[in-house]
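In what follows, a structure is listed as C-alpha cells, so that the remarks can point back to it.
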Amino acid sequence: MKKLHIVGNWKMTLNKEDSIALAEKIKTISKKDNLNIEVAPTSLYINDILKILKESDINVISQNFDFESLGSFTGGICLDQLIELGVSKSILGHSERRSKFNESDDQINSKLETVLKSQLDVIFCFDSYDQVPFDLIKNNLNDNSKIKLTLAYEPTWAIGTGKTASIDHIVEIHTKVKNTLTEYSLQNVPILYGGSVNPSNSRDILSSNNVDGVLVGGASTKFDQLLGIVNSI
Ligand code: 13P
C-alpha cells in the first residue's frame with residue numbers, strides 16, 4: 001500500500017479565532033496506516049497551532065519562507081525562525097506566491113536550493129511540467145533514500161474554482177514528472193495534486209496512478225470536509 005499525504009493549505013483565509021477552533025477539532029483525527037496529514041496555517045498563528053497539535057497525529061508546516069537568513073529583512077520569515085519553532089517543512093512556490101506576490105521562477109528556484117541544503121523538508125508547487133527544475137533538484141538531492149522533497153502539481157485554473165482537473169489529465173502530468181524523476185534516480189519523490197479537491201473527488205484522485213496525495217485549500221479549512229477527505233481513503 002502506497003503512503004499517502006493529505007496537506008491542508010489554510011492560505012490567509014482564517015482569523016486567529018477560526019484557526020484555533022479548527023486546530024482544536026482536527027487534533028482529534030487519528031492517524032491511519034500509511035497516511036500523513038499536515039496543515040499549513042498562516043505564519044502569524046503557526047506557534048499557536050503548533051502548540052495545539054503538538055500531541056496529535058497532525059504535522060504543522062509553513063506556507064512559505066523568505067530567501068535570507070536572520071538579518072535586516074523587514075517583514076520576512078526565515079528558515080532559522082521556522083526551525084526554532086519546531087516546524088520541519090514548508091510549502092514553496094505556490095501559484096499565489098508566483099502570481100499575487102510576484103515571486104519569479106528564479107527566486108523560487110533559489111529558495112528551493114536553500115531549503116534543500118537546510119534541514120527542512122519542502123513541498124514545491126508547480127503548474128506545468130516545465131516549471132519543475134529537475135537539474136537543480138538532482139544537484140541538491142543526491143540521496144534518493146533520504147528524500148526531503150515533495151512536488152505538488154497545482155494547475156492554476158483548478159485552484160479555488162471548483163474545476164478539478166480530470167483524472168486522465170492528473171495522471172498524464174504526474175506520470176510525465178515521475179518518469180523524469182526516475183531518469184534522475186529520484187523516483188521516491190512524492191507528487192501531490194492540488195486544485196478544488198473535496199470529499200467527493202478525493203477518493204478517485206488519491207487512488208490514481210502516480211498520485212501520492214493531495215494539497216487542499218478551501219476544503220481543508222472546513223473540518224467536516226477535511227475529515228471527509230481523510231475518510232475517503
Ligand atoms: P483549493 O483546494 O481551494 O482549490 O486550493 C488549492 C490550493 O491552492 C492548495 O494549495
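Let's see how each residue does on (1) surrounded by 20 or more Cβ atoms within 10 Å (Cβ to Cβ); (2) closer than 15 Å to Leu192 by Cβ; (3) small (Gly, Ala, Ser):
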{"position": "Ile108", "(1), (2), (3)": "yes, no, no"}
{"position": "Val115", "(1), (2), (3)": "yes, no, no"}
{"position": "Ile159", "(1), (2), (3)": "yes, yes, no"}
{"position": "Asp168", "(1), (2), (3)": "no, no, no"}
{"position": "Val171", "(1), (2), (3)": "no, yes, no"}
{"position": "Thr175", "(1), (2), (3)": "no, yes, no"}
- Within the bounds of the range 180-194, is there any residue that is under 18 Å from the mean Cα position of the chain (by Cα) and without any contact (Cβ under 8 Å) to a residue 40 or more places away in the chain? no
- Query: How many residues does the range 12-37 hold that are surrounded by fewer than 20 Cβ atoms within 10 Å (Cβ to Cβ), farther than 16 Å from Ser232 by Cβ and aliphatic (A, V, I, L, M)?
  - Reply: 4
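Any chance you could count how many residues in the range 122-155 are within 16 Å of the ligand (Cβ to nearest atom) and outside any helix (DSSP H, G or I)?
So in the range 122-155, the residues within 16 Å of the ligand (Cβ to nearest atom) come out as 122-128, 131, 150-155.
Imposing the further condition that a residue be outside any helix (DSSP H, G or I) reduces the set to 122-128, 150-155.
Residues flagged as within 16 Å of the ligand (Cβ to nearest atom) and outside any helix (DSSP H, G or I) within the range 122-155 amount to 13.
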- Message: Would you confirm whether or not the range 123-136 contains a residue that is surrounded by fewer than 19 Cβ atoms within 10 Å (Cβ to Cβ) and within 22 Å of Gly218 (Cα to Cα)?
- Response: yes
- Message: Six or more apart or on different chains, Cβ atoms under 8 Å: show the pairs whose first residue is in the range 207-218 and at negative phi and modelled with pLDDT of 95 or more and whose second is of a type in the set (Asp, Glu) and within 16 Å of the ligand (Cβ to nearest atom).
- Response: Leu215/Glu154
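More than 21 Å from Lys2 (Cβ to Cβ) and in contact with a helix residue (DSSP H, G or I) (Cβ under 9 Å, 6 or more places away or on another chain) - does that describe any residue in the range 150-158?
Taking the range 150-158 first, the residues more than 21 Å from Lys2 (Cβ to Cβ) are 155-158.
Keeping just the survivors that are in contact with a helix residue (DSSP H, G or I) (Cβ under 9 Å, 6 or more places away or on another chain) gives 155-156.
Yes, some residue in the range 150-158 is more than 21 Å from Lys2 (Cβ to Cβ) and in contact with a helix residue (DSSP H, G or I) (Cβ under 9 Å, 6 or more places away or on another chain).
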- Item | Matching residues, the range 67-94, being of a type outside the set (Gly, Ala, Ser) and within 16 Å of the ligand (Cβ to nearest atom) | Lys89, Ile91, Leu92, His94
- Message: Go through the range 183-196 and report how many residues are more than 15 Å from Lys11 (Cα to Cα) and buried (at least 19 other Cβ atoms within 10 Å of the Cβ).
- Response: 6
- Sole residue being within 16 Å of the ligand (Cβ to nearest atom), surrounded by 13 or more Cβ atoms within 10 Å (Cβ to Cβ) and free of Cβ contacts under 8 Å to residues at least 60 places away in the same chain, chosen from Asn64, Asn9, Asn47: Asn64
- With (1) closer than 19 Å to Gly86 by Cα; (2) in contact with a Phe, Trp or Tyr (Cβ under 9 Å, 6 or more places away or on another chain) as the list, and Ile52 as the residue in question, which single condition is left unmet? (2)
- Note on the structure: Of Ile6, Ile29, the only residue that is among the hydrophobic types (A, V, I, L, M, F, W, C) and in a loop (DSSP other than H, G, I, E, B) is Ile29
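The values are calculated or read from the model by the stated rules, or taken from the named source; none is laboratory data. Just so it is clear, the model here is predicted, and its values are computed rather than measured. Don't worry about glycine lacking a Cβ; one is built from the backbone with ideal geometry, like all the others, and counts go over all protein chains shown.
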